[in-house]
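S.K.: One structure follows; several queries about it will come next.
The values are calculated or read from the model by the stated rules, or taken from the named source; none is laboratory data. From a predicted model like this one, the values you see are computed outputs, not experimental measurements. A quick note on method: Cβ atoms are made from the backbone with ideal geometry, for glycine too, and the neighbour counts reach across all protein chains shown.
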Amino acid sequence: MEFKAKDIAALLQGVVEGDGEVLVNNVSKIEEGKPHTLAFLANPKYEQYIYTTEASVVLVNHDFLPSQIVPCTLIRVPSAYEAIAVLLRMYENMRPQPCGIEQPAYIADGVEMGEAPYIGAFAYIGKGVKIGNHVKIYPQAYIGDGVTIGDHTTIYAGVKIYHGCVIGSDCTIHAGTVIGADGFGFAPSGEGYNKVAQIGNVVLEDQVEIGANACIDRATMGSTRIKKGVKLDNLVQIAHNVVVGENTVMAAQCGVAGTTKVGAHCMFGGQVGIAGHLKIEDKTMLAAQTGVTNNVAEGSVFMGAPAFDASKYRKCYVLFRKLPELYGQLRDLEKEIQTLKSKQ
Amino acid sequence: MEFKAKDIAALLQGVVEGDGEVLVNNVSKIEEGKPHTLAFLANPKYEQYIYTTEASVVLVNHDFLPSQIVPCTLIRVPSAYEAIAVLLRMYENMRPQPCGIEQPAYIADGVEMGEAPYIGAFAYIGKGVKIGNHVKIYPQAYIGDGVTIGDHTTIYAGVKIYHGCVIGSDCTIHAGTVIGADGFGFAPSGEGYNKVAQIGNVVLEDQVEIGANACIDRATMGSTRIKKGVKLDNLVQIAHNVVVGENTVMAAQCGVAGTTKVGAHCMFGGQVGIAGHLKIEDKTMLAAQTGVTNNVAEGSVFMGAPAFDASKYRKCYVLFRKLPELYGQLRDLEKEIQTLKSKQ
Amino acid sequence: MEFKAKDIAALLQGVVEGDGEVLVNNVSKIEEGKPHTLAFLANPKYEQYIYTTEASVVLVNHDFLPSQIVPCTLIRVPSAYEAIAVLLRMYENMRPQPCGIEQPAYIADGVEMGEAPYIGAFAYIGKGVKIGNHVKIYPQAYIGDGVTIGDHTTIYAGVKIYHGCVIGSDCTIHAGTVIGADGFGFAPSGEGYNKVAQIGNVVLEDQVEIGANACIDRATMGSTRIKKGVKLDNLVQIAHNVVVGENTVMAAQCGVAGTTKVGAHCMFGGQVGIAGHLKIEDKTMLAAQTGVTNNVAEGSVFMGAPAFDASKYRKCYVLFRKLPELYGQLRDLEKEIQTLKSKQ
């Protein structure tokens, strides 16, 4: 499909500068722009590319002031970044969506199926599962007995959801993620360990998105709970009885140990690790690879392992890098003192 | 199902204090106790909750001495923690267990199937596989050619076991885990690499439990071996030719590089990394995120990366956090020495 | 199958020393050598074992000079390591290879299938997928709509490839890996986040090998690109719009954040983390657990988090471990200065 610049501008309530009749049929990044594509310029770091891009149309912020002649049509909008997000979503929505029940699928007795489902081939829907409206369950997904799935939720290929878990509405779970495997609970017993049965479940509230190959363990008792709007990236590990507060975001490969409560609106970089039985208050920000071993107060910005205040950490780390020099200075002082003493 | 407090007490050989006729139908955590549930108090940190809990019955240790009136029936037992573990296991065992062979499953020629199997739909059982008695293989699991699985082992949904691997008895492997993928072996060759074929296998001894989305690679030659009673959490990586000793426990996201031998009764926190070709002796304890680059002697308690003795590490880290102050003190000394020198 | 030592020597263009008629039927490691197996000695650290090994035949380098009597037949070759790699590959190739299309498999309309495919049971091949010649797709793999797969590529059990991704020739993707899940892109919106649609794809060039349960996210726009000859180990995370240069190797559990460009011929140890929007130049070497937060120049060898030059890091870390002593020396100097001052 092709669109005229002026039609895209109308859609975005933007203003055309240049040829409004030029046609685009795809989007591209400004630094890799190709003819008949639409790019965007939001980050000033990329301004240089707008003067040479081959993209036919570029979305820019209203206040963008070119310092040279631009070779393309501009569409000025209040926020180029938000405008491109709107266009990407429209583009994505134009992709044909799968629907219906492919064969063979395994649908056990007593499944409640909502309107307009997609159930992919080789998907497994256990006994007593309740599926809302407009739910998509991709091929080879496993939905254990008694699981509930809210409206407009998408479960990608090969996701495994153990029995009794509850998935909210408008959730997205990417391929390979496992929800509701047993928490890691063992009681020492002589030489070895006895398993502690994990009879709780996992609850995902609405608008949760989880990346690929992540793990959210079921609770020993009660629920491991991922609250509304939480976004977890690939390969994240959430242990039993953890609670993750609303709109908290964790980058890939983070791990949260058992029973820890993470507040709302937190942001964790990749590979962060948090010990068990802690309380991480709202709006905590953790740099990548941070290791948290104590409770964290609201609004903290931490790094390091064990973690402490990030700006303090950076100062300490600057001096860590200077340790050989500091050591040399210490040695010099020792010599000077020896000299002073010998002169007394 | 409902049980009277006095019947639970009888089962646990405990002593009722309060109303023995009160009915419970579920378990709960003491801090979230609800009417008609049974909770437990083992950790003194949680004692406060017993005076306000809505749980109808609470398991306590024989020597628990309440400091206020408790609103619930108590059952006194030698160990509240062990007693709750017994009850959780009973509760779990009451859940109906899947059995039989669901259709469609793929069962190749020459499979030896033990008594009372469960084979879920879309499970794949390769040629010459030998399955013990009372084995459960959940939907979408893949059991490669020639794999052997011992009695009473449970393989959850979507587990992938490559050809020729050996799984012991009483093992549990959670969803998405991959056993026996090729070890990461490449020989430099001009600009690139030639793959080194990995013709060994993986052996899991008895009573091994592995979490979800973990990876245990096959050996180049011989076996990667996970010994009796080992417990590995989610997303753990065990490379080719590694040996993990009996009853060793690793928390989530640990990684052990090729050919390293880990001893028995070790405990590793989350996100620990161990380099290749090392020997980690028995009873080693590693704090979360520790990075091990050398052999470790028996009974060591290590942290840091590169790792060393944990109590020494903590002392060093306290001073790391004080580096700005130490730097200031060093500067002050320099000035004082200048002053001293000028006065001579 | 059994082979005579002299026939193996002929195959490898090696020279027999000892009984050329001795038969071997398997390979073993020299430290675990068993009768009728062939072992190899390449690393001098293992020389001790050649004097006691029960292996019947041992491959050694041409210049190996035994210091004692060896109990086995030797085959001298230019490189024992390369020779064993050749034999392992031959051994591996003798294993019967799966072929044909197992039932039930799901093959959508308009799939282009090359010569001599293997499609395992419960594999899902979406609309318009193009599959080259001699491709193996193991059971329960998911190949989304419009995916292209080159000749001689092997996709193991349960791999999930999202729509529109491109997989080169001679690639190997191990079980459970997810290619093309959405990049982790969310735009803040009031209290929460709006998802940024990820309309790009993933391109794997030729001769790429990816371990088990890894994740390569699709690009927001354009492609996440893994170039020719790259080898990624298990549980590696590659975020959206990342480029990994030719013949770069990453050990298990590494993570690369969005839009970062990694050069060619780099080598990363396990659990390395790289922040987003960076440029890591060719031939960079990163120690395990390194955390990179800035661009890295060609040929750098880095460790630490935040990372810097590895040899400098090691010097700093030696002094970190000595901080309690340095602190003591600082205290001593303070006292000496006090003494000096009091004497003036």
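S.K.: Would a scan of region C:298-309 turn up a residue that is surrounded by 15 or more Cβ atoms within 10 Å (Cβ to Cβ) and β-branched (Val, Ile, Thr)?
M.R.: Checked against the condition, which is being surrounded by 15 or more Cβ atoms within 10 Å (Cβ to Cβ) and β-branched (Val, Ile, Thr), region C:298-309 yields at least one hit.
S.K.: So for region B:215-225 (the condition being within 18 Å of B:Val272 (Cα to Cα) and within 9 Å of chain A (Cβ to nearest Cβ)), does at least one residue qualify?
M.R.: Checking region B:215-225: not a single residue is within 18 Å of B:Val272 (Cα to Cα) and within 9 Å of chain A (Cβ to nearest Cβ).
S.K.: Further, regarding this structure: If you take the residues in region B:303-317 that are more than 8 Å from every other protein chain (Cβ to nearest Cβ) and in contact with a helix residue (DSSP H, G or I) (Cβ under 6 Å, 6 or more places away or on another chain), which one is farthest from C:Gly304 (Cα to Cα)?
M.R.: Looking at the filtered set, the residue picked out is B:Met303.
S.K.: Still on this structure, I have one more. Can you tell which of B:Ala252, B:Ala257 is in contact (Cβ under 8 Å) with a residue 24 or more places away in the chain and surrounded by 24 or more Cβ atoms within 10 Å (Cβ to Cβ)?
M.R.: Being in contact (Cβ under 8 Å) with a residue 24 or more places away in the chain and surrounded by 24 or more Cβ atoms within 10 Å (Cβ to Cβ) holds for just one of B:Ala252, B:Ala257, which is B:Ala252.
The rows are residues; the columns are (1) facing chain B (nearest Cβ under 10 Å); (2) without any contact (Cβ under 8 Å) to a residue 60 or more places away in the chain.
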{"position": "C:Gln48", "(1), (2)": "no, yes"}
{"position": "C:Thr52", "(1), (2)": "no, yes"}
{"position": "C:Ser56", "(1), (2)": "no, yes"}
{"position": "C:Pro66", "(1), (2)": "no, yes"}
{"position": "C:Ile69", "(1), (2)": "no, yes"}
{"position": "C:Ile75", "(1), (2)": "no, no"}
{"position": "C:Leu88", "(1), (2)": "yes, no"}
{"position": "C:Tyr106", "(1), (2)": "no, yes"}
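S.K.: Okay, moving on. Restricting to region B:318-327, name every residue that is within 11 Å of chain C (Cβ to nearest Cβ) and assigned to a helix (DSSP H, G or I).
M.R.: Within region B:318-327, B:Val318, B:Leu319, B:Phe320, B:Arg321, B:Leu323, B:Glu325, B:Leu326, B:Tyr327 qualify.
S.K.: In addition: Limited to region C:141-187, what total is found for residues that are surrounded by 24 or more Cβ atoms within 10 Å (Cβ to Cβ) and part of a strand (DSSP E or B)?
M.R.: Of the residues in that region, 12 qualify.
S.K.: Among what's in region A:27-37 and is within 10 Å of chain C (Cβ to nearest Cβ) and under 18 Å from A:Lys6 (Cβ atoms), pick the residue that is modelled with the highest pLDDT.
M.R.: Result: A:Thr37.
S.K.: Hey, another quick one. For region A:261-301, give me each residue that is farther than 27 Å from C:Asp182 by Cβ and either within 14 Å of chain C (Cβ to nearest Cβ) or not aliphatic (A, V, I, L, M) (or both).
M.R.: Result: A:Lys261, A:Gly276, A:His277, A:Lys279, A:Glu281, A:Gly291, A:Thr293, A:Asn294, A:Asn295, A:Glu298, A:Gly299, A:Ser300.
S.K.: What residue, of A:Ala141, A:Ala157, A:Ala175, A:Ala181, is within 24 Å of the chain's Cα centre (by Cα), among the aliphatic types (A, V, I, L, M) and within 21 Å of B:Ala251 (Cα to Cα)?
M.R.: A:Ala181
S.K.: If you go through region A:10-52 one residue at a time, how many are aliphatic (A, V, I, L, M) and part of a loop (DSSP other than H, G, I, E, B)?
M.R.: Count: 3.
S.K.: Next up: Which residues, counting only those in region B:82-109, are among the aromatic types (Phe, Trp, Tyr) and modelled with pLDDT of 90 or more?
M.R.: B:Tyr106
S.K.: Might you let me know whether region B:60-70 holds any residue that is of a type in the set (Val, Ile, Thr) and closer than 21 Å to A:Gly222 by Cα?
M.R.: Yes, there is a match, as at least one residue in region B:60-70 is of a type in the set (Val, Ile, Thr) and closer than 21 Å to A:Gly222 by Cα.
S.K.: If you go through region A:1-50, how many residues are of a type in the set (Lys, Arg) and under 14 Å from C:Gly200 (Cβ atoms)?
M.R.: 2
S.K.: Could you list, in sequence order, the residues of region B:119-129 that are in contact with a strand residue (DSSP E or B) (Cβ under 9 Å, 6 or more places away or on another chain) and either acidic (Asp, Glu) or surrounded by fewer than 19 Cβ atoms within 10 Å (Cβ to Cβ) (or both)?
M.R.: Selection gives B:Gly128 alone.
S.K.: Name, by its number, the condition in (1) in a loop (DSSP other than H, G, I, E, B); (2) surrounded by fewer than 23 Cβ atoms within 10 Å (Cβ to Cβ) that does not hold for B:Ala288.
M.R.: (2)
S.K.: Now a separate question. May I ask you to list the residues in region A:226-238 that are more than 7 Å from every other protein chain (Cβ to nearest Cβ), in contact with a strand residue (DSSP E or B) (Cβ under 7 Å, 6 or more places away or on another chain) and either over 23 Å from C:Cys254 (Cα atoms) or touching a residue at least 40 places away in the same chain (Cβ under 8 Å) (or both)?
M.R.: A:Ile226, A:Lys227, A:Val230
S.K.: Then there is this: For region B:215-225, what are the residues that are touching a strand residue (DSSP E or B) at 6+ places or on another chain (Cβ under 6 Å) and not in a strand (DSSP E or B)?
M.R.: B:Arg218, B:Met221
S.K.: Also: Please pick out the residue among C:Ala39, C:Ala10, C:Ala80, C:Ala5 that is surrounded by fewer than 17 Cβ atoms within 10 Å (Cβ to Cβ), small (Gly, Ala, Ser) and within 33 Å of the chain's Cα centre (by Cα).
M.R.: C:Ala10
S.K.: While we're looking at this one, here's another question. Exactly one condition in (1) touching a Lys or Arg at 6+ places or on another chain (Cβ under 9 Å); (2) in contact (Cβ under 8 Å) with a residue 24 or more places away in the chain is not met by A:Ala187; state its number.
M.R.: If we test A:Ala187 against (1) touching a Lys or Arg at 6+ places or on another chain (Cβ under 9 Å); (2) in contact (Cβ under 8 Å) with a residue 24 or more places away in the chain, just (2) comes out false.
S.K.: Follow-up. Could you please find all residues in region A:105-118 being touching a strand residue (DSSP E or B) at 6+ places or on another chain (Cβ under 8 Å) and either assigned to a helix (DSSP H, G or I) or under 24 Å from C:Tyr124 (Cα atoms) (or both)?
M.R.: A:Ala105, A:Tyr106, A:Ile107, A:Ala108, A:Val111, A:Met113, A:Pro117, A:Tyr118, listed by residue number.
S.K.: Can you tell me which residue within region A:88-104, out of those that are among the polar types (S, T, N, Q) and outside any helix (DSSP H, G or I), is nearest to the chain's Cα centre (by Cα)?
M.R.: Per the criteria, the residue is A:Gln97.
S.K.: Then there's this: Any chance region B:165-180 includes a residue that's of a type in the set (Ser, Thr, Tyr) and in contact with an Asp or Glu (Cβ under 9 Å, 6 or more places away or on another chain)?
M.R.: Yes: region B:165-180 contains one or more residues that are of a type in the set (Ser, Thr, Tyr) and in contact with an Asp or Glu (Cβ under 9 Å, 6 or more places away or on another chain).
S.K.: Right, next: List pairs: first in region C:115-128 and within 14 Å of chain B (Cβ to nearest Cβ) and more than 27 Å from A:Arg95 (Cβ to Cβ), second in a loop (DSSP other than H, G, I, E, B) and modelled with pLDDT under 95, Cβ under 8 Å, 6+ apart or cross-chain?
M.R.: C:Tyr118/C:Gln97
S.K.: Confirm whether A:Asn247 is part of a loop (DSSP other than H, G, I, E, B), under 26 Å from A:Gln198 (Cα atoms) and facing chain C (nearest Cβ under 9 Å).
M.R.: no
S.K.: Pull up region A:203-213, narrow it to residues that are in contact with a Leu (Cβ under 8 Å, 6 or more places away or on another chain) and facing chain C (nearest Cβ under 9 Å), then point me to the one that is surrounded by the most Cβ atoms within 10 Å (Cβ to Cβ).
M.R.: Residue satisfying both the conditions and the ranking: A:Ala212.
S.K.: Mind counting the residues in region C:157-173 that are in contact with a Ser or Thr (Cβ under 9 Å, 6 or more places away or on another chain) and at the interface with another protein chain (Cβ under 7 Å from one of its Cβ atoms)?
M.R.: 2
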